[in-house]
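Nothing in this text is a laboratory measurement; each read-out follows from the coordinates by a stated rule. Not measured: the values here are computed from a predicted model. Heads up, the Cβs are rebuilt from the backbone with ideal geometry, glycines too, and the neighbour counts pull from every protein chain shown.
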Amino acid sequence: MRIHYKKRVPQKLEGLDYKANDRILAQKVRVIDEAGKFLGVLDTQEALRIAHEREFDLVEVSPKDDPPVCRLMDFGTFKYQKAKEQRVQKAHAKKVEVKGIRLSVKIGQHDLDVRLKKALDFLADGDKLKIEIILRGREKAHGELANERIETFIKRIEETYQLYVEQPVTRQGGNVSAIVGRKS
């Protein structure tokens, strides 16, 4: 039996959709030369002719302006620089995770202190916090106890950090949960 592997397609970075040379659809464009000097508003064909004479590409750098702004430059180098900038931005972007803390209605004081310490560590790292209680058996008849437990837990966290409530205490079936985050 033959095993079929999917071919891995390289990940395409978003926002790298620039038009160059013959792909520019506008009739007139504002042209900036390779040194950054403004050449004026020219017909697209005239701008392309100038670009070919100087051995550069005509690249539409600001398509939303009226008329669009085009620049004389090497298109391959331009795309490489933009892709590099996006990779650097993506690497430096902080991904906020939602970390979970599970309590119970009958939790002991020491266990509550351990969970509180862990919650403070999560918030110190900049993550959001989902506090939940899963109600079992007869606990389902007393959901208000779970609400109170979560509210007191949030109040204890607020002694250390200022919080914002992303999702207030809600009950969905046998689950009671709230999501909070640390104000910057």
field: Two-site label geometry, Asp17 and Glu158: point separation in nm, points 7 Å out along Cα→Cβ
entry: 4.5
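Just from its helices, what would the mean residue ellipticity at 222 nm be for the chain, if runs of 4 or more DSSP H residues each count -39500 (n - 2.57) and the sum is divided by every residue, rounded to the nearest 500 deg cm²/dmol?
Values: 4 runs with 60 residues, N = 184.
Mean residue ellipticity, 222 nm, calculated: -10500 deg cm²/dmol.
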task: Counting residues in the chain as N, plug N into 2.2 N^0.38 Å and put the Cα Rg over that result.
output: 1.80
field: Size of electric dipole in region 21-92: Cβ of Lys, Arg +1 and of Asp, Glu -1, about Cα centre, debye, nearest 20
entry: 440
task: Specify the inter-centroid distance of region 74-91 and region 128-172, based on alpha-carbon positions, in whole Å.
output: 45
- prompt: Taking the alpha-carbon set of region 98-182, what are its Rg and Dmax in Å?
  reply: 12.1, 37
message: Using the Karplus curve 6.51 cos²θ - 1.76 cosθ + 1.60 with θ = phi - 60°, what ³J(HN,Hα) values do you get for each residue of region 29-44, in whole Hz, with x for Gly and Pro?
response: 9, 8, 10, 10, 7, 5, 8, x, 8, 6, 8, x, 8, 10, 5, 4
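If the chain between Ile50 and Glu34 were fully stretched, how many nm would it gain, using 0.36 nm times the residue separation less the Cα-Cα distance? Each step should come with its number before you reach the end.
Values: separation 16, 0.36 × 16 = 5.76 nm, distance 1.12 nm.
Stretched fully, the Ile50-Glu34 segment lengthens by 4.6 nm.
Charges at C-beta only: +1 for Lys and Arg, -1 for Asp and Glu. How large is the resulting dipole of region 131-174 about its Cα centre, in Debye rounded to 20?
Working: 7 positive and 8 negative charges, 56 e Å.
So the magnitude is around 260 debye.
Report the charge-dipole magnitude of the chain in Debye, nearest 20, computed about the Cα centre from +1 at each Lys and Arg Cβ and -1 at each Asp and Glu Cβ.
Working: 38 positive and 29 negative charges, 229 e Å.
Once rounded to the nearest 20, the dipole reads 1100 debye.
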Dipole axis of region 32-184 (+1 Lys, Arg; -1 Asp, Glu on Cβ), positive-most option in His142, Tyr164, Val98: His142
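Would you mind checking Lys84/Lys130; Lys37/Lys84; Lys28/Lys84; Lys19/Lys90; Lys84/Lys128 for any pair whose Cα atoms are more than 28 angstrom apart? Let's see the in-between values first.
Details: Lys84/Lys130 35 Å; Lys37/Lys84 25 Å; Lys28/Lys84 30 Å; Lys19/Lys90 24 Å; Lys84/Lys128 30 Å.
Correct reply: Lys84/Lys130; Lys28/Lys84; Lys84/Lys128.
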